[in-house]
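S.K.: Have a look at the structure that comes next, please.
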Amino acid sequence: MQEKKSKLIDAVIVGAGFAGLRALYTLRKAGLSCLVIEASDEVGGVWNYNRYPGARCDVESYDYSYGFSRELENEWRWTERYAKQGEILEYIRHVADRFDLKKDISFKTRLESAQYDESHATWNIETSKGDRLTARFFIMAVGQLSKPKKPDIKGESSFKGNIYHSALWPREKVDFTGKRVGIIGTGSSGVQMTPVISDQADHLCIFQRTANYSIPACHAHISDEEDASIKADYKTRREQARNSPSGLGFVPNGASALDDPPDIREKNFEEAWNRLGFGFALVYKDILLNEEANDVAKEFVHRKIAEKVHDPVVREKLTPKGFPFGAMRPAVDHLYYESFNRENVELVDIKEDPIQEITETGIRTENNEYPLDIIIFATGFDVFTGSLLAPEIVGRNGVTLRERWKDGPKNYLGLSTVGFPNMFIMVGPGSPSLLSNVLVSTEDHADFIRDLIVNMKEAGMDEVEANAEAELQWVEHVNEHSKKTLYPKAASYYMGAEVPGKPHVFMPYSGGVRSYRRTLYDVMDNDWKGFDMH
Ligand code: N01
C-alpha cells in the first residue's frame, strides 16, 4: 500500500470490518477514490479481534453475509447454521480478495485525528503512521463493539499467570489443559467460551456480576441439499430479512403472547426455543414491548434454566432477576447452563462476594481465594460511542465530537451530526445498529451514503450536513420510540450503563430496519429533507 499524502481523496473510510469494506466497495463502484485506514494488519474488524474459544455469530450465516452480489452469494459455502469466528473471518478475507479491496486499504494505520477545514470543505486526517490525508468525505465505520473494556482491579500486574481479554484474543492457540481458569463476565462472550474452556481446563471459575438470559443456539451443519435450497431462493430470504423488524431471516409472529391459549403458546415457545436462537425473543410481537407478555416468556425461560441446572443454589444464581427478558441482549449458547453441572465448573457470585484484588496466584474476593493460572476478562466494550469518541474529531468552529456528544450521541438518522459536514457514521447510535442484523443495517447505510454523495456531486454541492431541527427531532424520536419497548428497563449497554459515568440515554433506534429504511427512502424522495447542502 503506497502512502498517500496530501492528495485529495474523495472518501477516507475508517475501519476494514464488514461496514468499511462495504462502503469501500460501494463508493468505489460509484466512481469515488477511496482509502480505508485500518489499525490491524487484517480485514475483519470484530471478527479479527474476538478469537476466543467458542466465538460464533448468533445470526444465521446465510443472513450474516453481504447481499450485494449474487455471484458472491452463490460461490460462498457456509458450513454451519451459526458460523464460527474463523469461518466469518475467512469469508471477509474472501470478499476483500474477490473484489480487490485491499489495494485501497492502509493496514496498521490508526486514525489519530480528523479536522474539518471549513474553507475547503474537506477533512484533514492524521494517522498513527504520520500520514496527513485530505478527504472530501470522512466515514467512520469503526464498529460498535470495538473498544474493549477491562475493569481496573487492584493487583493485576502482580499476577504470575496469563491474562486475556475476549476481544483482544491472541492469534496463537491458548492451551487450557491442566489449568485453573477464571472468566470474569457472563455476557455473550463469557457464555460462549464457558462450555469450550470447561471441556479443556482442570477447573473453571465463572465470576458473575449479573445473570443474563441465554437461548440455545441449535447449531447444525449445512448439508449440500440445504445449501442448494437456500441459494435457489436466496433473493426471497434476503427480502424477508430486510423487511423484518430485526433484519433476521425468518418471519416474525404478528400475534400477541397474551392472545394465544397457554397450550398453543407453550408449543410456539418450545418450537422457537429449539430452532430460532436469538429469534426466540421475537416469537410473539410483544415480548420486547409489553411487560405482561414478557412475563410469560420469562416464565418459560426460567423453567428451561431450571431443567438444565441441577444444583438449586447455582440454578437460583443463574436465573436473571430484576429486568425483562431480552431487555439486556440475551446470549445464544451451546451448553452454557449445562456446563454448571460439571464437577470442574464453579460459579462465583461477585455481587454477593465482590472481587477485592488479583493476587500473584489468583483472585481474592471478600470471602474467598480462587487460585488461577489464567484470568480471562469477558467484560465487554465501551459500546456504541467508545470507538467513535476515541480519536480527536473536530468539526466546525473547533468543536469536537466529544464535546458535541457529552450528554449522549446526537445525530440525524444515526448518520450525520450537526457541525460535522461531510462526515458519516455507519451502523452507530441513532440507527438500528445492535438491535438489528448489522449486515442488513450496514448495506442500508452504505447505499444511502453513496446515493447522497452521488446526488450532491450531480447537484454541484460541496457540503452536506444534518439540519439542526431534523437532528433534534430524530434524537427525540429515537428516545420516544425506546419508551414503547422494554429495553430501557435494564441497565444495559443500550442505555449506556456499561461504562460508569457514560450518559444514560437510549443509544440505538428501536423501530426496526424496515421502518428505518422507509425513513431513509422518504428522505431521499423528498429532496434529502433534513440535510442541508451547500
Ligand atoms: O460483553 P457484555 P460481551 N466486574 O457487555 C461483566 C456481541 N457479541 O463481550 O452485566 C465484573 O455483554 C458484565 O456484568 P454486568 C453481542 O452484541 C455477539 O459478552 O455489567 N463483571 C457482563 O456480564 C454482545 O451483547 C456474539 O453486571 C463485569 C460482562 O462482563 C456484545 O457483543 C458473541 C465488570 C460483559 O458482557 C458484548 O458481549 C460475543 C466488572 N467491572 C459478543 N464489567 C455473538 O454473535 C463488566 N462485567 C454470539
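The values are calculated or read from the model by the stated rules, or taken from the named source; none is laboratory data. Since this is a predicted model, take the numbers as computed values, not measurements. Please note: Cβ atoms are built from the backbone with ideal geometry, for glycine as well, and neighbour counts cover all protein chains shown. To get the accessible areas, we keep the full protein, side chains included, count just its heavy atoms, and leave off ligands, DNA and RNA. Shrake-Rupley method; radii C 1.70, N 1.55, O 1.52, S 1.80 Å.
S.K.: If I model a spin label at Asp117 and Lys173 as a point 7 Å from the Cα along the Cα→Cβ vector, what separation in nanometres do I get?
M.R.: Distance between the two pseudo-spin positions: 5.2 nm.
S.K.: When the dipole is taken about the Cα centre of region 36-111, and only Lys, Arg (+1) and Asp, Glu (-1) are charged at their Cβ, what size is it in debye, to the nearest 20?
M.R.: Charge dipole of region 36-111: 240 debye, to the nearest 20.
S.K.: Here's something else I'd like to know. Any idea what angle helix 85-98 forms with the longest principal axis of the chain, computed on alpha-carbon atoms, 0 to 90 degrees, nearest 10?
M.R.: Long axis of 85-98 versus the principal axis of the chain: about 20 degrees.
S.K.: Expressed as a whole number of Å, what is the distance separating the alpha-carbon centroids of region 220-263 and region 112-142?
M.R.: 42 Å
S.K.: What full-extension length gain, to one decimal in nm, is calculated for Asn274 and Val399 as 0.36 nm per residue of separation minus the Cα-Cα distance?
M.R.: Gain in length upon complete extension: 39.9 nm.
S.K.: Report the full-extension gain for the segment Asp462 to Ala220: residue separation times 0.36 nm, less the Cα-Cα distance, to one decimal in nm.
M.R.: 82.0 nm
S.K.: Then there's this: Could you give the alpha-carbon Rg of region 298-425 over 2.2 N^0.38 Å, rounded to two decimals?
M.R.: Output field value: 1.56.
S.K.: Summing +1 for each Lys or Arg and -1 for each Asp or Glu, what net charge is found among the other residues whose Cβ lies under 10 Å from the Cβ of Asp58?
M.R.: Residues close to Asp58 contribute a combined charge of 0.
S.K.: Computed FRET efficiency, Cβ-Cβ of Lys7 and Arg98, R0 35 Å: what is it to the nearest 0.05?
M.R.: 0.85
S.K.: Let me ask something else about it. Over region 237-375, what percent of the accessible surface lies on carbon and sulfur atoms, probe 1.4 Å?
M.R.: On region 237-375, the fraction of accessible area on carbon and sulfur atoms equals 50 percent.
S.K.: Taking the convex hull of the alpha carbon atoms in region 424-534, what volume per residue do you get, in Å³?
M.R.: In region 424-534, the Cα convex hull volume per residue is 107 Å³.
S.K.: Taking the chain as the reference, fit the longest principal axis to its C-alpha atoms, fit the long axis of helix 513-525 to the helix C-alpha atoms, and give the angle between the two in degrees, 0 to 90, nearest 10.
M.R.: Result, in degrees: 10.
S.K.: I would also like to ask the following. Answer with one residue from Val314, Val301, Asn290: the one whose Cα lies farthest towards the positive end of the charge dipole of region 285-352, charges on Cβ with Lys, Arg +1 and Asp, Glu -1.
M.R.: The residue sitting farthest along the positive end of the dipole is Asn290.
S.K.: Follow-up question, since we're still on this one. For Thr210, which sequence-distant residues (separation of 5 or more, or a different chain) have an amide H within less than 5 Å of its own amide H, given hydrogens modelled in the peptide plane?
M.R.: Sorted by chain and number, the residues that satisfy this are Thr186.
S.K.: On to the next question. By the gyration tensor of its Cα atoms, with a ≥ b ≥ c the square roots of the eigenvalues, what is the shape of region 128-213: rounded for a/c under 1.5, prolate for a/b over b/c, or oblate?
M.R.: Note, shape of region 128-213 comes out prolate.
S.K.: Counting other Cβ atoms within 10 Å of each Cβ, which trypsin sites (Lys or Arg not before Pro) in region 2-59 have at most 15 and sit in a DSSP loop?
M.R.: Lys5, Lys7
S.K.: Pull out a ≥ b ≥ c, the square roots of the eigenvalues of the alpha-carbon gyration tensor of the chain, then state rounded if a/c is under 1.5, prolate if not and a/b is larger than b/c, and oblate in the remaining case.
M.R.: The shape class here is prolate.
S.K.: Under a 5 Å amide H to amide H cut-off, with H placed in plane at 1.01 Å, what residues pair with Arg56 once short-range neighbours are removed?
M.R.: Gln85
S.K.: Magnitude of the Cβ-charge dipole of the chain, K/R +1 and D/E -1, about the Cα centre, nearest 20 debye?
M.R.: The calculated dipole for the chain is roughly 760 debye.
S.K.: Follow-up question, since we're still on this one. Heavy atoms only, 1.4 Å probe, whole protein assembly: order Val12, Val296 by accessible area, highest first.
M.R.: Output order, biggest surface exposure first: Val296, Val12.
S.K.: Can you bin region 160-205 into rounded, prolate or oblate? Criterion: square roots of the alpha carbon gyration tensor eigenvalues sorted a ≥ b ≥ c, rounded for a/c under 1.5, prolate for a/b above b/c, oblate for the rest.
M.R.: Verdict is rounded for region 160-205.
S.K.: I'd like the trypsin sites (Lys or Arg not before Pro) in region 239-335 restricted to DSSP loop residues with at most 15 other Cβ atoms within 10 Å, sorted by number.
M.R.: Counting only loop positions with at most 15 other Cβ atoms within 10 Å, the trypsin sites (Lys or Arg not before Pro) in region 239-335 are Arg275, Lys321.
S.K.: How much accessible surface area, in Å² rounded to 10, belongs to the heavy atoms of Cys34 with a 1.4 Å probe?
M.R.: The accessible area comes out at roughly 10 Å².
S.K.: Relative to the longest principal Cα axis of the chain, at what angle does helix 468-482 sit, 0 to 90 degrees, rounded to 10?
M.R.: Result, in degrees: 20.
S.K.: Using per-residue counts of other Cβ atoms within 10 Å, averaged over each peptide, order 147-155, 494-502 from highest down.
M.R.: Output ranking for 147-155, 494-502: 494-502, 147-155.
S.K.: Using the beta-carbon distance between Phe68 and Asp152 and R0 = 60 Å, what value does 1/(1 + (r/R0)^6) give for FRET efficiency, to the nearest 0.05?
M.R.: The pair Phe68/Asp152 has a calculated efficiency of 0.90.
S.K.: Once you keep just the Cα pairs under 8 angstrom separated by 6 or more residues, what percentage relative contact order results for region 1-121?
M.R.: 33 percent
S.K.: Set the Förster distance to 51 Å, then compute FRET efficiency between Leu258 and Ser229 from the Cβ-Cβ distance, nearest 0.05.
M.R.: 0.90
S.K.: Go through Ser158, Ile13, Ile88 and say which Cα lies farthest out towards the positive end of the charge dipole of the chain; charges sit on Cβ, +1 for Lys and Arg, -1 for Asp and Glu.
M.R.: Ile13
S.K.: Can you give the direction-averaged projected area of the convex hull of the alpha-carbon atoms in region 53-200, in nm²?
M.R.: 13.2 nm²
S.K.: At 222 nm, what value in deg cm²/dmol follows for the chain if DSSP H runs of at least 4 each add -39500 (n - 2.57) and the sum is divided by all its residues, to the nearest 500?
M.R.: -9000 deg cm²/dmol
S.K.: When the Cα centres of region 441-485 and region 69-101 are compared, how far apart do they sit, in Å?
M.R.: Cα centroid of region 441-485 versus Cα centroid of region 69-101: 29 Å apart.
S.K.: Could you check the spin-label model distance between Lys489 and Thr519? Points 7 Å from the Cα along Cα→Cβ, value in nm.
M.R.: 2.3 nm
S.K.: Counting other Cβ atoms within 10 Å, which trypsin sites (Lys or Arg not before Pro) in region 161-193 have at most 13 and lie in a DSSP loop?
M.R.: Arg171, Lys173
S.K.: Additional query: What distance in nm separates the two pseudo spin-label positions at Glu369 and Asp295, each 7 Å out from Cα along the beta-carbon direction?
M.R.: Placing both labels 7 Å beyond Cα along the Cβ direction yields 4.8 nm.
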